[in-house]
Amino acid sequence: MDRPDLLMIVPMPEPVVAGLAQDFTLHSLAEAEDADALLARLAPTLRFAVTSGRCSASLMEALPKLEVIASYGVGYDGIDVDAAAARGIRVTNTPGVLSDCVAEVTLGLMIALAHRIPQADRYVRESRWLQGNFPLTAELTGARAGILGLGRIGKEIARRLEAFRMEVAYHGRREQADVPYRYFADLEAMARAVDWLVVIAPGSSATQGIVSRRIMEALGPEGCLVNVARGSLVDEPAMVELLATGQLGGAALDVFADEPHVPEALFGLENVVLLPHQGSATHRTRKAMGDLVVANLLAHKRGEPLLTPVT
Ligand code: NAP
Ligand code: 8YV
C-alpha cells in the first residue's frame, strides 16, 4: 500500500500516531537529530503534515510540495494561514468536538473561583479547619456574565451559565440574530455591566491584548476574569498587577502568554485559580480531536473533500 511521507511538526499523542502509521510514513521534526537535514530530505516529495496549532511560513517554504497541514486543536493562531493560502496549502483544525469539554472546564474554573474551592481544599488538608471555619465565599447563581466570543464554545458556555440562572451577555464583531442574550457592541461597556468576563475568542492580530488594563479596570474589584481562549488576548502584566492590588476581583485562567511559563506573582494570590491549558484535556475529547486529524489527512490522501478545512 502507498504510505506517503508525513511530517509531525510537533509530537502527536500515541493514538494519533497509531491512526496515521497505517497509511503514512511518519517523520518527527521534534525527534530529528538534524531537523534541517530531515526537511531537506523530505522537501522534494513531502505533501502531508500534522501539527497542534503551530506552523510558520518559513517551515512551509522549506517544503515546496506541501499540500495539507492538519492541526490537532481548533485554535490555529500559531499557523501562518495567509502563507498557507498563498501557496494553496490546505489547513484543517478540530472544531466542535471539543466545545462541550472546554465549556465544562470553564464552568469548573468559575465555580472553583467563586467558592474558592482550591483554597478550601488546601484549608482542610492543612488541618486549618481545626482552628475555625473557612471564610464565606460567593456563588454564580444570579450573577451577570459577559462572553467575549460567542462562538461554538461560547454558546456552550452560555447554555451552562443559563442553567446556573446567570444573566448572559456577549461581545463580538457583530450581533447574532438567533441568540437570546444581550449584545454589547462595546467590550468596555460590557465589562462595566457584568460580574464575570469570560474570554473565548480566537487568538489573532485583532484580539491581541483585547482584554486591556482599561477593560479589566472596568470589570473592577468585584469583577472576575475567566480566560479559556489564549493568553495573547489579555494584557498579562496588567492583569497580575490589578489582581495583586485588588483592582480586579479575581481571575480563573487556563491559558497564558508564554506557556508553560506562568507569572509566579499569581501563585500566592487567593483570588486566582490556575489550570495548565486543560480545556480539551480529556480522554474522550482528545480521541475525537485525533480522529478528526486522521480523517482529514486520509480524506486528502484519497482525493476526497476535507472534513474541517480552515483554508
Ligand atoms: P469560533 O466558533 O470561531 O468562535 C469564535 C468567536 O469569537 C466568534 O463568536 C466570533 O464572533 C468571536 N470573535 C472572533 N474575532 C473576534 C474579535 N476580533 N473580537 C471579538 N470577537 C471575536 O471558535 P471556537 O471553536 O469557539 O474556539 C474559540 C477559541 O477557543 C479557539 O480559537 C481557541 O483559541 C480557544 N480554545 C481554547 C481551548 C483550551 O484548551 N483552553 C480549547 C479549544 C479552543 P464574531 O465573528 O461575531 O466576532
Ligand atoms: C489544544 C486548544 O489544541 O484546541 C485548541 O485550540 O487550545 C487545545 O485544545 C490542545 O491542548 C492540544 O494541544
Query - Breaking point among (1) out of contact with any helix residue (DSSP H, G or I) (no Cβ under 8 Å at 6 or more places or on another chain); (2) more than 16 Å from ligand 2 (Cβ to nearest atom), for Leu150 - result: (1)
Requested in this report: Mind listing just one residue for me: the one in the range 85-107 that is surrounded by 18 or more Cβ atoms within 10 Å (Cβ to Cβ) and among the small types (Gly, Ala, Ser) and, of those, farthest from ligand 1 (Cβ to nearest atom)?
Outcome: Ala103
Query raised in the report: Assuming Arg159 fulfils every condition listed in (1) open to solvent by 70 Å² or more (accessible area, probe 1.4 Å); (2) over 17 Å from Leu197 (Cα atoms) apart from one, which condition is it?
Result: (2)
Query raised in the report: Which of the residues that make up the range 41-68 are within 16 Å of ligand 1 (Cβ to nearest atom) and of a type in the set (Val, Ile, Thr)?
Result: Thr51
Report task. Scan the range 271-285 residue by residue and report those that are more than 10 Å from ligand 2 (Cβ to nearest atom) and within 13 Å of Thr106 (Cα to Cα). Result -> Val273, Leu274, Leu275
Requested in this report: Go through (1) over 25 Å from Ile111 (Cα atoms); (2) open to solvent by less than 30 Å² (accessible area, probe 1.4 Å); (3) polar (S, T, N, Q) one by one and return the number of the condition Thr311 breaks.
Outcome: (2)
Requested in this report: Answer yes or no: is there a residue in the range 140-152 that is more than 20 Å from Val272 (Cβ to Cβ), among the charged types (D, E, K, R) and modelled with pLDDT of 95 or more.
Outcome: yes
Report summary line: Matching residues in the range 170-186 (crowded, with 19+ Cβ neighbours inside 10 Å and either of a type in the set (A, V, I, L, M, F, W, C) or at pLDDT below 95 (or both)) number 1
Query raised in the report: Given the conditions (1) within 16 Å of ligand 2 (Cβ to nearest atom); (2) open to solvent by 60 Å² or more (accessible area, probe 1.4 Å); (3) touching a residue at least 40 places away in the same chain (Cβ under 8 Å), and given that Ala30 satisfies all but one, which numbered condition is not satisfied?
Result: (3)
Report summary line: Selection over the range 208-241 where residues are outside any loop (DSSP other than H, G, I, E, B) and in contact with a Lys or Arg (Cβ under 7 Å, 6 or more places away or on another chain) yields a count of 2
Query raised in the report: Taking interchain pairs and intrachain pairs at least six residues apart, which have beta carbon atoms under 7 angstrom, with the first residue in the range 282-311 and free of Cβ contacts under 8 Å to residues at least 60 places away in the same chain and the second open to solvent by 40 Å² or more (accessible area, probe 1.4 Å)?
Result: Ala295/Leu307; Ala299/Pro305; Ala299/Leu307
**Report entry** Filter pass, Leu292 being away from ligand 2 (no atom under 15 Å from the Cβ), of a type outside the set (S, T, N, Q) and at pLDDT 95 or above
**Finding:** no
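Does the range 176-193 hold any residues that are aliphatic (A, V, I, L, M) and in a loop (DSSP other than H, G, I, E, B), and which are they?
Ala177, Val179, Ala185
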**Report entry** Residue that is touching a residue at least 40 places away in the same chain (Cβ under 8 Å), of a type outside the set (S, T, N, Q) and crowded, with 21+ Cβ neighbours inside 10 Å, where the choices are Leu148, Leu219
**Finding:** Leu148
Query - Residues satisfying the stated conditions in the range 270-308, i.e. open to solvent by 30 Å² or more (accessible area, probe 1.4 Å), outside any helix (DSSP H, G or I) and not hydroxyl-bearing (Ser, Thr, Tyr) - result: Glu270, Leu274, Leu275, Pro276, His277, Gln278, Ala281, Arg302, Gly303, Glu304, Pro305, Leu307
Query - Restricting the range 244-269 to residues that are assigned to a strand (DSSP E or B) and of a type outside the set (A, V, I, L, M, F, W, C), the residue that is least open to solvent (accessible area, probe 1.4 Å) - result: Gly250
Report summary line: The correct count of residues that are in contact with a Pro (Cβ under 8 Å, 6 or more places away or on another chain) and more than 15 Å from Met1 (Cα to Cα) in the range 22-39 is 3
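The values are calculated or read from the model by the stated rules, or taken from the named source; none is laboratory data. Computed from a prediction, not measured in an experiment: that's the story for all the values here. For neighbour counting, all protein chains shown are included, and Cβ atoms are generated from backbone atoms with ideal geometry for every residue, glycine included. The accessibility values were calculated without ligands, DNA or RNA, using every heavy atom of the protein model including side chains. Shrake-Rupley method; radii C 1.70, N 1.55, O 1.52, S 1.80 Å.
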